[in-house]
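The structure appears below as structure tokens.
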Amino acid sequence: MQSQASIVETKQFIEAAQDLARRVFGFNGLRVDQVDVLREILSGRDTLAVLPTGSGKSLTFAIPALMGSGIVVVISPLVALIRDQVIKFRKIGIAAAAFDSQQSPEQKKQVVDALRAGRVRLLFISPERFSYPRFRDFLQSLNIVLFAIDEAHCISQWGFNFRPEYRKLGEYLDAIPKRIPRLALTATATKKVRSDILETLRLKDPAVILRNPVRSNLEIGVYRTPKVEQALDLLVAKIWECTGQGIVYAGTRQNVENITRRLREESIQVKAYHAGLSSEQRSLAQRDFLSGDARVVVATNAFGLGVDKSDIRFVHHLGLTQSLEQYLQEIGRAGRDGGFANCSMVYTTRDYHIQKFIIEKSLPEPAILKKAYEMARDYGMEEYSSFDFLKRAMMTSHLSKDNIETSLDLLIKEGYLARVPTAHGDYRIQVVEKEGIENFFSGYFERRAATLHRLDTMFHFVASGSQRSKFVETYFID
């Protein structure tokens, strides 16, 4: 039971936090969810907060950074998101800095000097940074008051956007002698994912703050058509029904270009955004959208993270997403100001099978993946070039070129294989001496199955009609 003194202290802390939310961040005050999280942080308790996209999760670590005497370290999965966050907080006068892989040695030294001099309140880093022992030693020399793990669902192989680099965070944090409170933040997490987060991050006696991932100001409509042409017509009609600016998500670059072309024919100010465009073109599209010069951005899922725009009035989708988690994350970018926003999904009867094909192509069957690794291990010792290796592997295994190349790419991404340049301007595939390959294979089957299960869940969601709200609540909360 809290003492009278601690109750008074908590009340004063929340009042001060409310004042900062108004004075520094320009809000009317804190939301109930934010207050609940801050109250747990004040008590020094580890916390898992599952709050909807657009609910202001960043304030739950920014306010402690402003109010405390030490540094809040934020662990975030993407360099682009880290850089956007640093710019955002610096604009409102909060001393923020980051370490990322694109910095020069001089830039990293400047950050180190600023941290040692006490000139940084918020430090953003990627999970990979923890793998360097010297960096972990450096952290121990700082006065850190909170570790905030953003996008915490990336820790779990059962979750959306699994990142293997997150798996050792709990171990790394435990290695720091002083026990520093941990705050795990995510917008979506099923019961299984929440359990994995708590266990992997080694949260001690944690508070779990759990909310429905769909905000009440979002109106969701789902429409199925027999053909793509009809789906596109309906999508355009939905855009005309909406006021203000919005985002249209499409699953492929080709669909992004097709929709963009159609909207230009309709005299709608529109920009395209996908990985096939240059960085300058993508930056211009984002800039025009933020400034209001573009009414619509048509994009793949590469767009949206770090986009600080609260008055997006619609987020529409052409086609099914691969998971309900992805869909809710994307529509959560609408209506962050609390105003009404419309979210329509238009899809065809073929979309489920298209998405299933894409998943199965990017995640080969376990037996194929293991065979590709064994061939790389055996043939790599014989100095085959990549071309000769691929040719020999196809002949001896009877696997397709796509199966082998996809398997190699996945194993390289996971760090178990590497491309080593040769003297002839080519490269060969080489096994990396890294622990855990058997654990990787044993977990890969379930990871692949979980990805396909999430697609099935998305299909059941769109088919649930008037029960969609209940479906979401059951899937994530129960």
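The values are calculated or read from the model by the stated rules, or taken from the named source; none is laboratory data. If you're wondering where the values come from, they're calculated on a predicted model, not measured in any experiment. Every residue, glycine among them, receives a Cβ derived from its backbone with ideal geometry; neighbour counts consider all protein chains shown.
Some observations on this one:
- Within the stretch 237-263, the set of residues being without any contact (Cβ under 8 Å) to a residue 40 or more places away in the chain and within 28 Å of the chain's Cα centre (by Cα) comprises Q254, E257, N258, T260.
- Annotation: Y444 fulfils all but one of (1) in contact with a Phe, Trp or Tyr (Cβ under 9 Å, 6 or more places away or on another chain); (2) assigned to a helix (DSSP H, G or I); the unmet one is (1).
- Filtered residues of the stretch 319-333 (kept if outside any helix (DSSP H, G or I), closer than 21 Å to V236 by Cβ and in contact with a Gly (Cβ under 7 Å, 6 or more places away or on another chain)): G319, R333
- Matching option when the condition is of a type in the set (A, V, I, L, M, F, W, C), modelled with pLDDT of 95 or more and at negative phi, among A175, A184: A184
- Residue selection: V298 satisfies the criterion of being touching a His at 6+ places or on another chain (Cβ under 9 Å) and either surrounded by 22 or more Cβ atoms within 10 Å (Cβ to Cβ) or at pLDDT below 90 (or both).
- Helices (runs of 4 or more DSSP H) wholly inside the stretch 343-440 that include at least 3 residues being at pLDDT 85 or above, within 30 Å of L232 (Cα to Cα) and among the β-branched types (V, I, T): 351-362
- For the stretch 264-277, filtering for residues that are surrounded by 17 or more Cβ atoms within 10 Å (Cβ to Cβ) and in contact with a helix residue (DSSP H, G or I) (Cβ under 7 Å, 6 or more places away or on another chain) leaves 5.
- A302 part of a loop (DSSP other than H, G, I, E, B), within 17 Å of A250 (Cβ to Cβ) and more than 20 Å from the chain's Cα centre (by Cα): no
- Candidate set: the stretch 53-68, residues that are small (G, A, S) and modelled with pLDDT under 90; chosen: the one surrounded by the most Cβ atoms within 10 Å (Cβ to Cβ): G54
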